[in-house]
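A short worksheet on the structure shown next.
The values are calculated or read from the model by the stated rules, or taken from the named source; none is laboratory data. Just so you know, these numbers come straight off a predicted model, no measurement behind them. FYI the Cβ positions are ideal-geometry reconstructions off the backbone, even for glycines, and counts take in every protein chain you see. Note: accessible area is taken over every heavy atom of the protein model, side chains too, but ligands, DNA and RNA are not part of it. Shrake-Rupley method; radii C 1.70, N 1.55, O 1.52, S 1.80 Å.
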Amino acid sequence: MGCNLTVSNDHCPTFRNLFPSHDLAQVMNRGNVGNQNGNVVNENEYDGKGGAIVLTHWIKKMESVNDMSGCSIDQKPKYIAGSFVGEALTWWNSQICMLSREVVVSMSWNEFKFMMIREFCPSHEMQKLESELWNHIVVRAGHAAYADRFHELARLVPHLVTPKIRMIERYVYGLAP
C-alpha cells in the first residue's frame, strides 16, 4: 500500500491508491449515519449544496467541532476544509491552485467564511436574506423566535450589522411596534 502522488500540468497534486479499496469503505463510513434513503452520510461533510441556510448551519456546527478539537485558530480553515466533499472539495482545490496552498491555509477564519458564502450562496438568495433582515420584526409575543432568526440572519449577512452598534440598532428597530 502506498500513496501515489502525481502532479498534474497545473502543479496541483492528485492522490491515487491512498487506501486499498476494502479499507477505504471502512475509513469512509467511520462516524457516519444512514439517511432516509439508506445512504451513508457524514454529518460533518459539506458538499456545497443547500444554499445559505445549509451553509450557515454547517459553519456553526464546524465551529463547535473545531472548538472541541483544540485546533488552533490559525489552523481552522485548513482543519475545516478537510470536511469538504463533492462540489465544495472541487472549489477548495481550485482555490489552492489559483491562490497557492500557503495563501488559502493561512487565511483568517472570517476570510474563509466570506469566500464560502460568496461561492455557495447565490446572489438572489443573499438579496432575499438581506431584505428579510432589513424587514425583520417581532410578531406578537415571539421575542425568542425573533432573536434566534435575527442572529441567524446576522451571521448570513454580516455586512448589514457591522460594526456592533449597527447590529444593536437593527435589533432594536425590529422590536418597535
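Worth a mention:
- Residue in segment 72-94 that is in contact with an Asp or Glu (Cβ under 7 Å, 6 or more places away or on another chain) and among the charged types (D, E, K, R) present: yes
- Within segment 148-177, the residues that satisfy the criterion of being more than 21 Å from Leu55 (Cβ to Cβ) and either of a type in the set (A, V, I, L, M) or surrounded by fewer than 15 Cβ atoms within 10 Å (Cβ to Cβ) (or both) are Pro163, Lys164, Ile165, Arg166, Ile168, Glu169, Val172, Tyr173, Leu175, Ala176, Pro177.
- Contact map, segment 135-146: residues that are under 11 Å from Tyr171 (Cα atoms) paired with residues that are of a type in the set (Val, Ile, Thr) and surrounded by 10 or more Cβ atoms within 10 Å (Cβ to Cβ), Cβ distance under 7 Å, separation 6+ or inter-chain. Pairs shown: Tyr146/Val138.
- Long-range neighbours under 7 Å by Cβ, at least six apart or interchain, first residue touching a residue at least 24 places away in the same chain (Cβ under 8 Å) within segment 45-74, second of a type in the set (Phe, Trp, Tyr) and assigned to a helix (DSSP H, G or I): Tyr46/Trp58; Gly48/Trp91; Gly48/Phe120; Leu55/Phe120; Ile73/Trp109
- Matching residues in segment 97-113 - criterion: being closer than 23 Å to Gly50 by Cβ and surrounded by fewer than 17 Cβ atoms within 10 Å (Cβ to Cβ): Trp109, Asn110, Glu111
- Any hit, segment 20-27, residues being open to solvent by less than 50 Å² (accessible area, probe 1.4 Å), modelled with pLDDT of 50 or more and not aromatic (Phe, Trp, Tyr): no
- For segment 69-90, the candidate set comprises residues that are of a type in the set (Ser, Thr, Tyr) and part of a loop (DSSP other than H, G, I, E, B); within that set, the residue that is nearest to Ser106 (Cα to Cα) is Ser72.
- Failed condition for Gly86, given (1) at pLDDT below 85; (2) at positive phi: (1)
- In the condition set (1) open to solvent by less than 50 Å² (accessible area, probe 1.4 Å); (2) over 23 Å from Ser64 (Cα atoms); (3) touching a residue at least 12 places away in the same chain (Cβ under 8 Å), Ser94 is compliant with all but (3).
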